[in-house]
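The values are calculated or read from the model by the stated rules, or taken from the named source; none is laboratory data. From a predicted model like this one, the values you see are computed outputs, not experimental measurements. Using ideal geometry, Cβ is built from the backbone for each residue, glycine included, and neighbour counts are taken over all protein chains shown. Just the protein is used for accessible areas: all its heavy atoms, side chains included, with ligands, DNA and RNA removed. Shrake-Rupley method; radii C 1.70, N 1.55, O 1.52, S 1.80 Å.
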Amino acid sequence: MAPSRLEEVVRVVATGKQGRKRSRRGPAIGVVAAALGMAMLPAVAVPDVAPVAKAEQPQGKVLRVAVTQDIKKLNPFQGTSLVDTQVGRLMYEFLVIPNATDSTPEGALAESWTPSQDGKTWTFKMRKGVQWSDGQPITAKDVEFTYNQIMTNPGAKDANEVAVASFESVKATDPETVEIRTKFVNVAVIGSVGEIPIVPEHVWRDKVAGIKDFKNEQTPVVGSGPYVLSGVESGRSVTLKANDKFWRGRPKVDTLQMVKYENTEAASQALIKGDADLVYNLTPAQYRTLEKTSGIKASAGRNRRFTEIIMHTGAKKADGSTWGTGNPVLADVEFRKALDHAVNRKTLIEKVFGGYAEEATQLIPPVYPDWTFKLSDDKKRNFDIGKANSILDAAGYRKGDGGARLDKQGKPITLRLLSRNDRAEQAQMAEYVKEWFGQLGVTVDHKSIASSQLNDDTTSGNFDLSFSGWSVGPDPDNMLGQQLCKLVGTELGDTNICNPEYDRLFAQQQAELNKDKRKETVQRMQQMLYDNVSAIMLSYDKLLEAYRSDRFTTFVTQPQNGGIINNQSGYWGYYGATPVGETPPAGAPKAAEQTNSDSDSSGLGTGGWAAIIIGAVVVLGGLGLLGARRKRVSADDRE
């Protein structure tokens, strides 16, 4: 069957030329997209593309992780990108950490925790005998210092201000005891403390005044995690050494390096050549090529992640000021509904994601069924170009000469769409979106830019549409919290829509100890976001990864059954990495068998996830659900 005109357009984007496929060196988006391919195209060999830098070859057993993000902020109070927070999890331990089995909480620096009768005071007992990498003891005073910096120091708020929003006070009552007093009953406290890396007071106390500008790159950096930061090449790589004093036991990898590559095509080639040991965020074509390559194991893990298109809806910031330069038509919910009807998610999943995703309708993915609402067929916005045009006509957006859709002032509507130039699938999706919106008479001006620039533009509001996405933890609190009015125009905001009624319901669900009542409120909030078209939800995505199986026998995935190696809400993937000829670290969970794409890699079924979540609910004396907040994907992978 001959390809459609749209498929031909996307093929040209993917290959850079009509009539035949090509590949060339360099980071051009055409080359990146060529490696992705579509269902109608055969998988192609990955060309030889050089990384930004070839890091020094360290001694000992080495794990080289290929990343495509800039490694920008190693200060744990500032780092908000996925790669920055991954490094931070390796450097600093937490009070509580999501376990590898199902992401429910387990003790880390804290051995146990207990809520008070009124549910507003949580007492954490510290693990005895643990040390910082310089040999100093880790005490409750370090926890008090860390949390109070986030709560009181403006320069320390960027990464985790949301996590401490409900905290009234944090106090070390003795060297082994921390008390957290909350402003109100908050069922997500344990999830919040699982977000905050603890820093050594004796190192950071003289950094307080300039904490926002402190880069934390003077190696070796004193930490408490499985690895110690030992080298930084700005924009190129970071190097970490195994921490001999890590309380769970020393990792079996002596040196871990994260090396920056321009794109996943270059990273894939590095894996094939043996210059890298672990790659992720692969395209379907890259994945299928790698799973057939000798000495390489491929894994498709259910990633708890969604992809969306966010819109500048004109909402104001918390101080009442405007931000950015969004097109005013996007403030109209009817206009947003029309755009939503004009997106064919089935086509995107088949042609762009190669089937490694499912259609998305709401923020909380279906792996957490307790928190998702059932969307009735009559309210679901299915792909329907005719209906989308009818909505725009009825809303007063008429068509002018040549079929161009006009705004209320009679001007042709053009929307700026941003995508990341290191994410090939976003360039391909943009071509489909341009075609679909073009059928409404709406022109799309697509720009593929560096992730750091996209981060700046979306945070400052200088965009109309942008690809985005988040990884979501088992508790909905943090993901839902990113839709609050106070986060409009901030780095931690998601859709930047302000709805006071939504804010009220958010506070209500936080304080609700009855699980069924909380579920009802959370589901109502998500229905509200859907009705308001807070974003164009696209897909729930799997994470496509691959590693050198001739060098590493196992990696611990999270969750252990059908989960992911990279981008975890813990450090299990890297800590549990086991070189050939070695046994796993004593403190690492058992690694499950990683599955290839032809196997069932979906992990736990609906019933399994429901049982896990129900078992983790707080009822004054039980464990809290873990709200493992990540940062956004499109804006520098801030999941």
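Quick rundown of the values:
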quantity	calculated
Hits in the stretch 475-488 - residues which are open to solvent by 10 Å² or more (accessible area, probe 1.4 Å) and assigned to a loop (DSSP other than H, G, I, E, B)	Leu484
Tally, over the stretch 124-150, of residues that are surrounded by fewer than 17 Cβ atoms within 10 Å (Cβ to Cβ) and either under 23 Å from the mean Cα position of the chain (by Cα) or among the hydrophobic types (A, V, I, L, M, F, W, C) (or both)	0
For Ala298: the one exception among (1) small (Gly, Ala, Ser); (2) within 20 Å of the chain's Cα centre (by Cα); (3) modelled with pLDDT of 95 or more	(2)
Failed condition for Ala276, given (1) in contact with a strand residue (DSSP E or B) (Cβ under 7 Å, 6 or more places away or on another chain); (2) closer than 15 Å to Ser549 by Cα; (3) of a type outside the set (Val, Ile, Thr); (4) surrounded by fewer than 23 Cβ atoms within 10 Å (Cβ to Cβ)	(4)
Candidate set: the stretch 109-118, residues that are touching a residue at least 24 places away in the same chain (Cβ under 8 Å) and touching a strand residue (DSSP E or B) at 6+ places or on another chain (Cβ under 8 Å); chosen: the one most open to solvent (accessible area, probe 1.4 Å)	Thr114
Scope the stretch 256-276; condition over 22 Å from the mean Cα position of the chain (by Cα), farther than 13 Å from Ser237 by Cα and of a type outside the set (Lys, Arg); matching residues	Gln269, Ala270, Leu271, Ile272, Gly274, Asp275
Total residues in the stretch 232-255, condition under 21 Å from the mean Cα position of the chain (by Cα) and surrounded by 19 or more Cβ atoms within 10 Å (Cβ to Cβ)	2
Filter result for Ser224 (over 16 Å from Phe555 (Cβ atoms), open to solvent by less than 10 Å² (accessible area, probe 1.4 Å) and either part of a loop (DSSP other than H, G, I, E, B) or at pLDDT below 95 (or both))	yes
Any hit, the stretch 614-622, residues being at pLDDT below 95, open to solvent by less than 10 Å² (accessible area, probe 1.4 Å), more than 22 Å from Ser224 (Cβ to Cβ) and not polar (S, T, N, Q)	yes
Failed criterion for Gly320 (all others in (1) open to solvent by 20 Å² or more (accessible area, probe 1.4 Å); (2) on the phi < 0 side of the Ramachandran plot; (3) among the small types (Gly, Ala, Ser) hold)	(2)
Subset tally (residues that are in contact with a helix residue (DSSP H, G or I) (Cβ under 6 Å, 6 or more places away or on another chain), modelled with pLDDT under 90 and open to solvent by 40 Å² or more (accessible area, probe 1.4 Å)) for the stretch 357-376	0
Residue pairs meeting the criteria (Cβ under 7 Å; at least 6 apart or on separate chains; first in contact (Cβ under 8 Å) with a residue 24 or more places away in the chain and among the small types (Gly, Ala, Ser), in the stretch 124-153; second assigned to a strand (DSSP E or B) and open to solvent by less than 40 Å² (accessible area, probe 1.4 Å))	Ser133/Val228; Ala140/Met126; Ala140/Ala172; Ala140/Thr177; Ala140/Val178
Some residue of the stretch 80-102 being open to solvent by 40 Å² or more (accessible area, probe 1.4 Å), assigned to a loop (DSSP other than H, G, I, E, B) and modelled with pLDDT of 95 or more	no
Identity of the residue in the stretch 523-568, among the hydroxyl-bearing types (Ser, Thr, Tyr) and either free of Cβ contacts under 8 Å to residues at least 60 places away in the same chain or outside any strand (DSSP E or B) (or both), that ends up surrounded by the fewest Cβ atoms within 10 Å (Cβ to Cβ)	Thr553
Condition check for Glu520: part of a helix (DSSP H, G or I) and either under 30 Å from Ser224 (Cα atoms) or free of Cβ contacts under 8 Å to residues at least 40 places away in the same chain (or both)	yes
Residue match in the stretch 187-197 (condition: part of a helix (DSSP H, G or I), of a type in the set (Ser, Thr, Tyr) and over 17 Å from Thr123 (Cα atoms))	no
For Glu350: the one exception among (1) buried (at least 19 other Cβ atoms within 10 Å of the Cβ); (2) of a type outside the set (S, T, N, Q); (3) more than 29 Å from Gln482 (Cα to Cα)	(1)
Residue count for the stretch 129-178, restricted to those that are of a type in the set (Val, Ile, Thr) and in a helix (DSSP H, G or I)	6
Residue list for the stretch 199-221, restricted to those being open to solvent by less than 20 Å² (accessible area, probe 1.4 Å), closer than 25 Å to Thr255 by Cα and aliphatic (A, V, I, L, M)	Val199, Val221
Flag for Gly576 being crowded, with 24+ Cβ neighbours inside 10 Å and at pLDDT 95 or above	yes
Sole residue being crowded, with 19+ Cβ neighbours inside 10 Å, in contact (Cβ under 8 Å) with a residue 12 or more places away in the chain and under 28 Å from the mean Cα position of the chain (by Cα), chosen from Val193, Val185	Val193
